[in-house]
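A.B. asks: Okay, here's the structure, questions in a sec.
Derivation of every value follows stated rules applied to the coordinates shown; laboratory data play no part. Here the structure is a predicted model, which means the values were calculated and not measured. Positions of Cβ are generated from backbone atoms using ideal geometry, with glycine treated the same way; all protein chains shown enter the neighbour counts.
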Ligand SMILES: Cc1cc2nc3c(=O)[nH]c(=O)nc-3n(C[C@H](O)[C@H](O)[C@H](O)COP(=O)(O)O)c2cc1C
């Protein structure tokens with residue numbers, strides 16, 4: 001059975017659904033700082049996510065110092081390139097296609113900051129290494145934060161490559177304990193672009209009746 005198109009009428013009269021459809025990964029930000037109170041709202045939204053056994057395993061490291069973000073970005077970029085090279089040429093082509101969805105995205109690798117995209121706030125999200133559900137919990141927490149950001153007039157981008165900060169000198173700035181690991185970083189700021197919606201696959205449902 002074919003999946004039905006989402007009902008646009010319902011979506012447009014439902015703020016939560018509309019917010020879900022309006023969120024995009026934004027990779028160009030205005031040079032405007034994000035108020036600490038707004039960051040607190042996002043963190044609280046993240047904290048409201050469900051978590052296995054209610055462990056709430058997430059920990060947030062909020063970086064807003066422009067120079068520090070730039071330094072971290074440069075160091076992560078170096079490590080990421082090495083990691084991608086390790087994966088091999090076939091996977092490199094795949095990862096490039098993963099990022100390039102539209103001609104607009106072709107600017108991606110030309111950006112001077114292709115890790116944090118000039119965002120004024122970067123939230124690293126970590127969890128203890130010995131929690132087998134942490135990645136799922138953190139994912140839910142981050143989606144809450146990104147939807148909350150959209151609802152407050154902010155934009156966001158999840159950055160998985162941020163986990164490579166663990167292999168850089170700049171990681172010392174976060175002061176992580178040996179027991180925790182970086183899962184992802186969420187970029188927050190006022191977007192200076194409105195990316196087109198990326199088409200979603202629809203052939204991934206099986207109805208069992
Ligand atoms: C776990 C995860 C890791 C991601 N890592 C990166 C990243 O390192 N850099 C980046 O620019 N985008 C990253 N993205 C964003 C995806 O590219 C983006 O979500 C996807 O292309 C769909 O676009 P949309 O978010 O605008 O709907 C990541 C997304 C997820 C969920």
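A.B. asks: Pick from 61, 190, 21: which is most flexible by mean-square fluctuation in a GNM of the chain where alpha carbon atoms under 10 Å apart are linked?
C.D. replies: In the Gaussian network model the winner is 21.
A.B. asks: So how do 59, 30, 201 line up by other beta-carbon neighbours within 10 Å, fewest first?
C.D. replies: Lowest count first: 201, 30, 59.
A.B. asks: Of the listed peptides 71-77, 134-140, what is their order by residue-averaged count of other C-beta atoms within 10 Å, with the highest listed first?
C.D. replies: 71-77, 134-140
A.B. asks: Pick from 151, 25, 172: which is most flexible by mean-square fluctuation in a GNM of the chain where alpha carbon atoms under 10 Å apart are linked?
C.D. replies: The residue with the greatest mean-square fluctuation here is 172.
A.B. asks: A further question follows. How would 145, 9 line up from fewest to most surrounding beta-carbon atoms within 10 angstrom?
C.D. replies: By the 10 Å Cβ count, ascending, the order reads 9, 145.
A.B. asks: Treat each spin label as a single point 7 Å out from the Cα along the C-beta direction, and report the residue 56 to residue 82 distance in nm.
C.D. replies: In this crude spin-label approximation the distance works out to 3.7 nm.
A.B. asks: For 147, 128, which order do you get if you count the other beta carbons within 10 Å of each Cβ and list the fewest first?
C.D. replies: Fewest-to-most ranking of 147, 128: 128, 147.
A.B. asks: Return, for the Cα atoms of the chain, the radius of gyration and Dmax in Å, separated by a comma.
C.D. replies: 18.0, 57
A.B. asks: Can you give me the relative contact order of the chain as a percent, contacts being Cα pairs under 8 Å and 6 or more apart?
C.D. replies: RCO, the chain: 35 percent.
A.B. asks: So what is the 222 nm mean residue ellipticity for the chain from helices alone, if each DSSP H run of at least 4 adds -39500 (n - 2.57) and you divide by all residues, rounding to the nearest 500 deg cm²/dmol?
C.D. replies: Counting only the DSSP helices, I get -11500 deg cm²/dmol.
A.B. asks: Of 81, 26, 62, which has the largest mean-square fluctuation in a 10 Å C-alpha GNM of the chain?
C.D. replies: Comparing 81, 26, 62 in a Gaussian network model of the chain, the most mobile one is 81.
A.B. asks: Which of the peptides 157-164, 182-189 is most tightly packed, and how do the rest follow, judged by the mean count of other Cβ atoms within 10 Å per residue?
C.D. replies: Per-residue Cβ counts within 10 Å, averaged per peptide and sorted highest first, yield 182-189, 157-164.
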